[in-house]
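Inspection log for the structure reproduced underneath, given as structure tokens.
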Amino acid sequence: ALHGLNSRLTNALMKLSDLKWGLQGVPSGHLLLISALLALPVASPALFGWMNGFLALPIFSILYVHGPAPGASALRTALILVGVLALVLERLDMYLFGLTAVPLGVTLYLSARNREEAAYSGAKGAVVLAARWLLFWTCFGLLTKTNPYASLLQALDLGFQQTLEMYSSKETGLTPDVVYGLQNITTSLRNTIPRLLPGIMATAVICTVWL
């Protein structure tokens, strides 16, 4: 009786989470793989934060290999698992930022299914990603009552200032001429970065899509 109850509970849970792999056609190993790839930036942002730029690839792959229904089922389950991990680790912000890759992956999959040209699908992907990033940072700014763009500029400026102070100290043993040259370079960068940052961010969107 206990064994039968366990079987019924297991079947019920599998139906709720849509994990009947024999019917859906998605091997459990694929679920584990995509979950691991999505979880790495959340688990260790310092080591794997750069992977946020590539998260659209596993999303595209799971949809392209297994089709829209089974692929979406596996993707949904993976996102739920990673979401639980983010809550446990208190890194919900990293998880939510990673979610911006989902619309990009879906857009690229639809473009591939419809056999659209690479330039057209890339342009669509860039627009979708830029819109999602803008929405994410706008919501983040409203919730934290900060200006993310201004905060980024301040962080960069502070980084340049601290670097200059570190190399200007007597302990480094640099000559006054070298320190003067570093001061000029740092001042030039601090004045130039605010003008270049919008272009850098636009380039980041394009590179993320095309990579």
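The values are calculated or read from the model by the stated rules, or taken from the named source; none is laboratory data. Given the structure is predicted, the values throughout are model-derived calculations rather than measurements. Note: ideal-geometry Cβ built from the backbone for every residue, glycine included; neighbour counts use all protein chains shown. Heavy atoms of the whole protein, side chains included, go into the accessibility calculation; ligands, DNA and RNA do not. Shrake-Rupley method; radii C 1.70, N 1.55, O 1.52, S 1.80 Å.
Couple of notes before you dig in:
- For Ser121, the conditions (1) touching a residue at least 40 places away in the same chain (Cβ under 8 Å); (2) more than 21 Å from Phe97 (Cα to Cα) are fulfilled apart from (1).
- Every residue from region 68-85 that is open to solvent by less than 10 Å² (accessible area, probe 1.4 Å) and among the polar types (S, T, N, Q): Ser73
- Count - residues of region 176-201 that are under 23 Å from Ala126 (Cβ atoms) and without any contact (Cβ under 8 Å) to a residue 12 or more places away in the chain: 6
- Subset of region 21-38 that is in a helix (DSSP H, G or I) and open to solvent by less than 20 Å² (accessible area, probe 1.4 Å) - its residue that is nearest to Ala126 (Cα to Cα): Leu38
- Val65 vs. criteria closer than 26 Å to Pro45 by Cα, open to solvent by 20 Å² or more (accessible area, probe 1.4 Å), among the β-branched types (Val, Ile, Thr) and out of contact with any Leu (no Cβ under 8 Å at 6 or more places or on another chain): no
- Counted as qualifying within region 86-162 are the helices (runs of 4 or more DSSP H) with 1 or more residues that are open to solvent by less than 70 Å² (accessible area, probe 1.4 Å), of a type in the set (D, E, K, R) and at negative phi, namely 118-144.
- Lone unmet requirement of (1) of a type in the set (Phe, Trp, Tyr); (2) over 24 Å from Asn52 (Cα atoms); (3) under 21 Å from the mean Cα position of the chain (by Cα) for Trp133: (2)
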